[in-house]
Each structure stands twice: as structure tokens, then as C-alpha cells.
Amino acid sequence: MKEREAVIITGLVLFLSLFWLGFLVHRSPRFAGSLWGGVLGVSGAMLMLVPLAYLVVKRVKSLKQAVTRRVSMRTLLAGHIYAGVLGPILVLVHTGHKFESPLGIALTSMTIIVVLSGFIGRYLMGRISQEIKEKRSILDGLNSSYQETLERLRTCCAAKSVQLQPFTGFFSRLLGRPFFSMQEQEMDTMSIGLRAVRLSDAIADLEYAIRTHDTIKHVFSLWLKIHITLSMVLYALLALHVWAAVHFGLRWFS
């Protein structure tokens with residue numbers, strides 16, 4: 001997410017996370033069934049269907065091609081995010097902080113869980129991907145500097161530079177620090193040897209960090225499946241709630 005968008009969405013998610021606690025100081029049992037309560041409920045439910053439409057468009061190739069001719073996927077994603085937060089907020093306002101029925105409590109709980117899972121997952125995935133990209137860029141620079149240092153060692157002291165060659169792998173660099181420390185005193189160009197030690201340490205640290213981030217990213221790839229599953233449960237509860245409202249009567253018309 002862009003910085004401005006991230007700030008707005010974060011603020012809305014925080015508001016959603018705290019708003020439901022309003023039942024501690026305020027309850028309006030009849031508001032959900034009133035005219036304005038119904039308008040907010042229907043509006044929120046319609047907005048909550050936008051993420052479902054995005055999910056369908058994203059995964060149906062022919063539909064995706066037709067839609068993206070007019071609207072980019074980035075714009076659709078932004079709509080998915082905003083609607084996925086604003087819809088639940090309107091739905092929570094619609095409740096009037098009346099959480100008494102098991103269905104209402106389940107629907108409210110699942111709404112908050114889905115929003116939080118979507119927000120946290122997207123934010124962390126974005127941050128992890130960005131950090132991996134930055135670290136790979138830094139790693140490329142360090143590897144280039146390391147190779148340049150080896151070339152300088154070949155020029156100044158060919159025999160010693162050959163001894164450095166085995167320490168070019170990830171685990172080799174971790175195990176090579178004691179070797180480098182002993183060999184530094186024997187080198188005529190100690191400053192170059194010390195630079196090689198520091199570069200090898202930095203490269204090993206970055207490679208370890210990248211591997212860790214890759215592992216976390218792989219784990220978070222399961223997040224999307226979990227988020228979609230939770231969303232389907234939410235839509236099922238929402239459909240049941242709408243059916244119950246219609247079945248037991250729309251009180252604002254009575």
C-alpha cells in the first residue's frame with residue numbers, strides 16, 4: 001500500500017477495532033430495525049460484496065480481461081480494500097451496539113476477524129516483499145564489492161587470495177571468520193583483508209535474513225487461503241442474517 005493509503009486504512013481499521021466496544025457505554029436495541037439502521041445495514045452489506053466481486057474478477061481470466069480494459073487491477077484492489085473496511089464499519093454502526101443474538105455476535109466477530117486478517121496479511125506481505133527486494137539489492141552491491149576486494153588481493157598477494165576462494169558460500173562464510181582472523185596478520189595488505197572479512201560477514205548476515213524472510217513469505221502464502229475461507233464463512237453468516245431480517249419482518253415498514 002502507498003503511504004497515504006496505508007495511513008487512511010490503518011486509521012479506519014483501528015476505528016473498527018475499537019468501535020464495537022461502544023456497547024459498554026451505549027446500546028440502542030431498536031436502531032438496527034429503524035429506517036436509518038436499515039439503510040446503513042444494506043449499504044454496508046453491499047460494500048462488503050465488493051471484495052467478493054474482486055475475488056471473482058481476479059480468478060476468472062475472461063472476466064478479468066474484460067474488466068481490466070476499463071479499470072486496472074490496482075484500482076480494483078484499492079476498491080477492494082476501502083470497501084472491505086468501510087462496509088464493516090457501516091454494518092457495526094447498523095447494529096446500534098446490540099449484540100444479543102448468537103447470529104449477531106457471530107457475524108460481528110467474523111466481520112472484525114476478516115478485516116483484521118486482511119489488513120495484517122496484506123500489510124505484512126507488502127513489507128516482507130519490499131524488505132526482501134531491498135536486501136537483495138544491497139546483497140548484489142556487497143557481492144560486487146567482495147569480488148572487487150578479491151581482485152585487489154590477487155594483485156597484491158595472489159597466494160592469500162586463493163585461500164579466500166573456498167569462503168564464497170553461505171555456510172562457508174559463517175565458518176570462515178576464524179580463518180580470516182588468523183590470516184589477516186599474515187597479509188601484507190591487512191586493510192584489504194579486514195575489508196574482505198567485514199564484507200563476508202555482511203553478506204552472510206544478509207543471506208540469512210533473506211532466507212528467513214523467504215520462509216516467512218512462504219508461510220504467509222497460506223494466509224490468503226485462510227483469509228478467503230474466513231470471508232466465505234462471513235458471507236454465509238451475512239446471507240443468514242439477511243434471510244432472518246426478511247423472514248421476521250422489516251420493522252421500519254410496519
(Q) Filter the range 96-116 down to the residues that are surrounded by 16 or more Cβ atoms within 10 Å (Cβ to Cβ), modelled with pLDDT of 85 or more and not hydrophobic (A, V, I, L, M, F, W, C) and list them by number. (A) T108, T111
Q) Being closer than 30 Å to W243 by Cα, of a type outside the set (D, E, K, R) and touching a helix residue (DSSP H, G or I) at 6+ places or on another chain (Cβ under 8 Å), is that true of even one residue in the range 118-136? A) yes
Q) Can we say L24 is crowded, with 18+ Cβ neighbours inside 10 Å and either of a type outside the set (S, T, Y) or at pLDDT below 85 (or both)? A) no
Q. Hey, among V219, V246, V233, which residue is closer than 30 Å to I128 by Cα, in a helix (DSSP H, G or I) and either aromatic (F, W, Y) or over 16 Å from the mean Cα position of the chain (by Cα) (or both)?
A. V233
Q. In the range 32-62, which residues are more than 26 Å from K225 (Cα to Cα) and touching a His at 6+ places or on another chain (Cβ under 8 Å)?
A. A32, G37, G38, L40, G41
Q: Would you mind finding the one in R30, R70, R74 that is in a helix (DSSP H, G or I), of a type in the set (K, R) and in the same structural domain as M232 (by TED's automatic domain parsing)?
A: R74
Q | Cβ-Cβ under 6 Å pairs, at least 6 apart or on other chains, the range 10-26 side farther than 9 Å from H97 by Cα, far side part of a helix (DSSP H, G or I) and of a type in the set (F, W, Y) | A | V13/F119
(Q) Restricting to the range 151-161, count the residues that are at pLDDT 75 or above and touching a helix residue (DSSP H, G or I) at 6+ places or on another chain (Cβ under 6 Å). (A) 1
Q | Filter result for V93 (assigned to a helix (DSSP H, G or I), under 19 Å from L230 (Cβ atoms) and in contact (Cβ under 8 Å) with a residue 24 or more places away in the chain) | A | no
Q) Take the residues of the range 200-221 that are modelled with pLDDT of 80 or more and of a type in the set (A, V, I, L, M): which is surrounded by the most Cβ atoms within 10 Å (Cβ to Cβ)? A) A204
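The values are calculated or read from the model by the stated rules, or taken from the named source; none is laboratory data. All values reported here derive from a predicted model rather than from experimental measurement. Here Cβ is always computed from backbone atoms with ideal geometry, including for glycine, and neighbour counts include all displayed protein chains.
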